[in-house]
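Student: Structure provided below as structure tokens; questions to follow.
The values are calculated or read from the model by the stated rules, or taken from the named source; none is laboratory data. All values reported here derive from a predicted model rather than from experimental measurement. Positions of Cβ are backbone-derived with ideal geometry, glycine not excepted, and every protein chain shown enters the neighbour counts.
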Amino acid sequence: MRYSVSRASIEIRAEKIMQLFDTLDPLPYPQKDLAETTENFIVGWARELPRAQPIEIVVHVPAAEATGPAAQQLGNAFATYFRYRADRLDLDLSELFRIGRWSLLIGMAVLALCMILGRFVGGLFEEGYFRQFFKEGLIILGWVANWRPIEIFLYEWWPLVRRQKLYRRLSAASVEVRSDANRVG
């Protein structure tokens, strides 16, 4: 990895450009998914780069690969893949918030029911530890039922948005294919 004033670079070396892509994906080359190891490598390095700098991905390949048609479409293939991943996270966020809304609705209903039952149970027992145990236990149960929606709305969506922003940065990254003769390292 190299840093420059204008761009932060992620450098990859491959014997063939197609090594960077999932061999099981039946789609034609520009629409193929990246191989898991390629994605993990790029995303791992991109996380460490300064957020204000644009990203440049430099792929080092043998000279014969650097001049082939796959090399010319590599930038488009990377952009398409990372744009797709960012769009998928849009759907994941929508699903998470939908689950959060339903969980909150259910949790609030459980809390209300627990409060009502607490008052009812409180009237069945005389003042003392047994009465206090049931009343407070029901209130705690009601609040625990709201744990999941609170977790979703306060914390769980942040990592998804952060990853989505990273994928959007990667989809806008410039991609350069260099032959081994021009290899920096």
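Student: Got a number for residues in segment 160-185 being of a type outside the set (Val, Ile, Thr) and modelled with pLDDT under 90? I'd like the intermediate steps shown before the answer.
Tutor: If we filter segment 160-185 for residues that are of a type outside the set (Val, Ile, Thr), which is where we start, we get 160, 162-174, 176, 178-183, 185.
Now narrow it down to the ones that are modelled with pLDDT under 90: 179-183, 185.
Going through segment 160-185 one residue at a time, the tally reaches 6.
Student: Condition test on residue 129, is it within 26 Å of residue 90 (Cβ to Cβ) and not basic (Lys, Arg)?
Tutor: Details: within 26 Å of residue 90 (Cβ to Cβ): no; not basic (Lys, Arg): yes.
The answer is no for residue 129.
Student: To continue, here is another question. Only one of (1) assigned to a helix (DSSP H, G or I); (2) crowded, with 17+ Cβ neighbours inside 10 Å; (3) hydroxyl-bearing (Ser, Thr, Tyr) is not met by residue 37, so which one is it?
Tutor: So the condition that residue 37 fails would be (2).
Student: Okay, next question. In segment 122-139, which residues are out of contact with any Gly (no Cβ under 9 Å at 6 or more places or on another chain) and surrounded by 11 or more Cβ atoms within 10 Å (Cβ to Cβ)? Walk me through it before giving the result.
Tutor: Step one: of segment 122-139, the residues out of contact with any Gly (no Cβ under 9 Å at 6 or more places or on another chain) are 122-130, 133.
Residues satisfying the conditions are 122, 125, 130, 133.
Student: With respect to residue 143, determine if the residue is touching a residue at least 12 places away in the same chain (Cβ under 8 Å), surrounded by fewer than 15 Cβ atoms within 10 Å (Cβ to Cβ), in the same structural domain as residue 110 (by TED's automatic domain parsing) and on the phi < 0 side of the Ramachandran plot. Give the derivation first.
Tutor: On the way: touching a residue at least 12 places away in the same chain (Cβ under 8 Å): yes; surrounded by fewer than 15 Cβ atoms within 10 Å (Cβ to Cβ): yes; in the same structural domain as residue 110 (by TED's automatic domain parsing): yes; on the phi < 0 side of the Ramachandran plot: yes.
For residue 143, the condition - touching a residue at least 12 places away in the same chain (Cβ under 8 Å), surrounded by fewer than 15 Cβ atoms within 10 Å (Cβ to Cβ), in the same structural domain as residue 110 (by TED's automatic domain parsing) and on the phi < 0 side of the Ramachandran plot - is met.
Student: Restricting to segment 19-31, what's the tally of residues that are out of contact with any Ser or Thr (no Cβ under 9 Å at 6 or more places or on another chain) and either under 17 Å from residue 175 (Cα atoms) or not assigned by TED's automatic domain parsing to the domain that holds residue 175 (or both)?
Tutor: The first filter runs over segment 19-31 and keeps only residues out of contact with any Ser or Thr (no Cβ under 9 Å at 6 or more places or on another chain), leaving 23-29.
Now narrow it down to the ones that are either under 17 Å from residue 175 (Cα atoms) or not assigned by TED's automatic domain parsing to the domain that holds residue 175 (or both): 29.
The number of residues fulfilling the criteria is 1.
Student: Give the residue, chosen from 68, 100, that is more than 17 Å from the chain's Cα centre (by Cα), crowded, with 18+ Cβ neighbours inside 10 Å and in contact (Cβ under 8 Å) with a residue 12 or more places away in the chain.
Tutor: Working: 68 fails: crowded, with 18+ Cβ neighbours inside 10 Å.
Only one candidate qualifies: 100.
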